[in-house]
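Scroll down for the structure; my scribbles are underneath it.
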């Protein structure tokens with residue numbers, strides 16, 4: 001499966017992409033708030049293998065992101081905790097090469113995934129979760145039109161032992177179809 005627009009191409013993550021992801025091991029700032037920090041080639045291999053396993057189980061739809069302007073792989077994102085019976089999923093596990101942060105890459109990826117989730121999968125809800133300290137990600141989610149639903153206090157213990165608070169945001173299909181889709185599409189012109 002491939003989702004694409006003028007800026008990005010999302011390809012379902014598979015083992016052949018592993019070699020392209022090795023360059024991200026040393027970009028530690030992109031793993032700062034990650035639940036799965038990457039420090040070694042073995043870490044990135046396990047990250048990809050776990051994503052593929054969840055893909056085959058039907059609980060996740062992981063993608064590698066190709067920046068079409070540079071023709072380089074620049075990150076990853078996915079739908080996860082997919083519940084077809086409840087018509088919902090979470091959108092996350094998103095990280096990008098520092099060089100494309102703040103460009104149209106993230107908004108393009110989010111537009112493609114939201115549009116796919118709401119119009120192809122017929123989901124009613126897409127949820128976003130983030131560490132409350134990750135102000136950059138929270139700002140990005142709000143800029144998409146995601147609404148804050150609340151904060152889950154002492155929600156997740158990180159690999160370093162820190163117990164984070166998790167902010168929960170969401171976009172509903174009704175809001176997407178009403179005007180969020182068009183607003184986000186205009187930001188990509």
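The values are calculated or read from the model by the stated rules, or taken from the named source; none is laboratory data. Owing to the predicted nature of the structure, the values given are computational and were not obtained by experimental measurement. Here the Cβ is made from the backbone with ideal geometry for all residues, glycine too, and neighbour counts use every protein chain on show.
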* **Members of segment 88-109 found to be out of contact with any strand residue (DSSP E or B) (no Cβ under 7 Å at 6 or more places or on another chain) and surrounded by 15 or more Cβ atoms within 10 Å (Cβ to Cβ), listed by number** => 101, 103, 104, 107
* Restricting attention to segment 40-57, does a residue exist that is surrounded by 13 or more Cβ atoms within 10 Å (Cβ to Cβ), at pLDDT 95 or above and assigned to a strand (DSSP E or B)? -> no
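Condition test on residue 4, is it touching a residue at least 60 places away in the same chain (Cβ under 8 Å), surrounded by fewer than 19 Cβ atoms within 10 Å (Cβ to Cβ), within 19 Å of residue 120 (Cβ to Cβ) and under 17 Å from the mean Cα position of the chain (by Cα)?
On the way: touching a residue at least 60 places away in the same chain (Cβ under 8 Å): yes; surrounded by fewer than 19 Cβ atoms within 10 Å (Cβ to Cβ): yes; within 19 Å of residue 120 (Cβ to Cβ): yes; under 17 Å from the mean Cα position of the chain (by Cα): yes.
Judged against the criteria, residue 4 is a match.
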* To do: Look at segment 9-39 and say how many of its residues are more than 15 Å from the chain's Cα centre (by Cα), within 18 Å of residue 79 (Cβ to Cβ) and not in a helix (DSSP H, G or I).
  => 1
